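Report on the structure given below.
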Amino acid sequence: MPASDSIYSYNLIGAEYGLRSRLGWREWVTGLDGEPRSILPFTGSTKDGASNRMFACTQTGIWDVSSSTGAPTKVVTFPTQNADSGYGVCTAFTDLNGSHWLLYTDEANGYYTYSEQGTTWTKVTQGTGASQVSVGDPTKFASVVSWKNRLWFVERDTQHAWYLPVGSLYGAASKFVFGSRFKAGGDLRGLWSWTYDGGSGIDDALVAVSGGGDVLIYKGWDPSQASGFALSGVWSVGAVPAGRRLCTDFGGDLLVMSSMGILPLSKLTSGSVLYERTQYQTAKIANLWNQLQASTFSLRGWAMRLHPLDAALMVVMPVAAGQPSQQLVMSLTTKGWHQYRDMPMSIAAEPWNGTFYFGTADGRICANDGYVDGVTLANPNSYAPINWSLLSAFTNMGSAAQKRIHAIRATILSQGGAIPYQAQAKFRWDRSEGAPPQVALAGGAAGAVWDIAKWDQAVWGGDYQAQQQVFGAAGCAPEIAIAIRGAASSRMTLTGIDVAYETGGIL
């Protein structure tokens, strides 16, 4: 392995100067009646953000979680409350009159609209009324996307989609059948808009993904005309996990998730070999990805979301019963992958107003910001440090001879005082975690972030201060690695590790 790689890094992410401790979490809303299954962010048209809203869906309905509170308001009660209700897909939409809407669909309850002007949710039913769908059954719409200012819906448990006239939320929908083009079969999981440059300027393509892993790309503008809407190609990404959150925008690309990894659509359509691992965003963690997919492939909850504050792509994963929550995170700065743990994140997570929010299994919404964990509404002064851990790559230092490490010195930058940590040498492919730090943290959370923390309330942190400790080591082997483990309560970066060692003459 390259010296810049690691066997694992928990609660660290590639950032300025090295590996930074991840952001912490705090309670935002408590008192929901169950696990949030979807989070619905909405940014309104007013520049002051007064119409911005965030909603959360549980099994029983939709809740307004725009403000931090211990007593949220349920704004919609689902008529159907079962294992599928609340697992939804949302999109923002602007109609022909310039009105802003938030649209939501789920497996059990169909199509809902939220009006910025009316600030109310409406369940769309079948009929000829002004707020109804006359052709197509909106109670069966399980996914929604806006493509070229036209709404498309996926009909649950079918290979069919329905689309409305340009700029319309209601009216007569038209049916489009994808099934004959799905070589691997399966239902229609979802539709996405992909903005690309095909050589003659920027355009939007419509992307359809099947349960069998087929990816269809359509180009054009009017699906009712053969000359204005055409299939560009059919590709396969292999098996896809359960659920409908299989793709996400990524700059000028669209990422597609499958059991083999996360693949940029531009790579898939350029003629690259599907099994060439280097084209996957997850190439560095291919073995870990395959293990996690194998154990939770059939569980709903796999999703990819951009984390604006952490400058990262986060993979939200379902967990088997009794297993701790974990997330896979790719730094947008270094493109390196890391694992997050100790955050009680379940399957609902979305960015809103620049902050990343997630749901928990016990009915809370939490904000992923700051530099400490476990800040509660009941006791805002309570917190836990962020415990991080790293095992470097094993190396033989260019020689197969025995090595003995005498001293280990790590350099750590911190904005909030000394960081307790422990470093030790690992020999002969010992992948166990290092010992936890022996010094407990004391006092309150240190430091704050400009433009995020509140004036007259937060304690401002200073500039980075460097610290170095020297640790001894015992043992010898041809291959050596360094395990380091610490606890941070402020912004912290591990910049590097120096070792003093001697080489023996025994091979």
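Annotations for the structure displayed:
- Net length available on complete extension from V470 to S67 is 140.4 nm, with 0.36 nm assigned per residue and the Cα-Cα distance removed.
- Fully extended contour minus Cα-Cα distance, from E16 to N97, at 0.36 nm per residue: 24.6 nm
- Accessible surface of the stretch 104-206 [probe 1.4 Å, protein heavy atoms]: carbon and sulfur percent: 47
- Chain lengthening between V135 and K454 when straightened (0.36 nm per residue, less Cα-Cα): 109.7 nm
- ³J(HN,Hα) computed for each position of the stretch 325-337 - Karplus, 6.51 cos²θ - 1.76 cosθ + 1.60, integer Hz, glycine/proline x: 5, 8, 9, 9, 9, 10, 5, 6, 7, 10, 6, x, 9
- Taking every protein chain into account, the accessible area of the chain amounts to 42 square angstrom per residue (probe 1.4 Å).
- A226-T77 pseudo-label distance in nm [points 7 Å out on the Cα-to-Cβ vector]: 5.2
- Other residues with beta-carbon under 14 Å from the beta-carbon of A239 carry, at +1 per Lys or Arg and -1 per Asp or Glu, a net charge of 0.
- For the stretch 204-219, backbone phi angles converted through the Karplus equation (6.51, -1.76, 1.60; θ = phi - 60°) give residue-by-residue couplings of 10, 10, 9, 10, 10, 10, 9, x, x, x, 6, 10, 10, 10, 10, 10 Hz, Gly and Pro being listed as x.
- Using the Cβ-Cβ distance between Q323 and A239 with R0 set to 30 Å, the FRET efficiency works out to roughly 0.90.
- As a calculated quantity, the FRET efficiency between T278 and S4 at R0 = 22 Å, using C-beta atoms, amounts to about 0.85.
- In a reduced charge model with +1 at each Lys and Arg Cβ and -1 at each Asp and Glu Cβ, the chain shows a dipole moment near 740 debye about its Cα centre.
- Model label points for N287 and T495, set 7 angstrom from Cα along the Cα-to-Cβ axis, are 3.3 nm apart.
- Here r is the Cβ-Cβ distance between N396 and L299 and R0 is 45 Å; the resulting FRET efficiency, rounded to 0.05, is 0.65.
- Pairs with C-alpha atoms separated by more than 24 Å, drawn from the list K74/K123; K148/K183; K284/K403; K267/K335; K47/K454; K148/K284, are K148/K183; K284/K403; K148/K284.
- Between the entries [x] 26.2; [y] 22.0; [z] 23.8, the label attached to mean projected area of the Cα convex hull in nm² calculated for this structure is [x].
- In the stretch 265-350, the chymotrypsin sites (Phe, Trp or Tyr not before Pro) that fall in loop regions by DSSP, at most 15 other Cβ within 10 Å: Y275, F297
- Crossing angle, helix 286-296 versus the chain [Cα axis fit, 0-90 degrees, rounded to tens]: 60
- Most to least packed among 28-40, 169-181 [average Cβ atoms within 10 Å]: 28-40, 169-181
- By the helix-only formula, in which each DSSP H run with n ≥ 4 contributes -39500 (n - 2.57) and the sum is divided by residues, the chain has a 222 nm mean residue ellipticity of -1000 deg cm²/dmol.
- On the stretch 235-368, 54 percent of the accessible area sits on carbon and sulfur atoms, based on a 1.4 Å probe.
- Working note: Karplus 6.51/-1.76/1.60 with θ = phi - 60° gives the stretch 222-237 the couplings 10, x, 7, 10, 4, 7, x, 7, 9, 6, 8, x, 10, 10, 10, 10 Hz, where Gly and Pro are set to x.
The values are calculated or read from the model by the stated rules, or taken from the named source; none is laboratory data. From a predicted model like this one, the values you see are computed outputs, not experimental measurements. Neighbour counts are summed over all protein chains in view; Cβ atoms, including those assigned to glycine, are modelled from backbone coordinates with ideal geometry. Note: accessible area is taken over every heavy atom of the protein model, side chains too, but ligands, DNA and RNA are not part of it. Shrake-Rupley method; radii C 1.70, N 1.55, O 1.52, S 1.80 Å.
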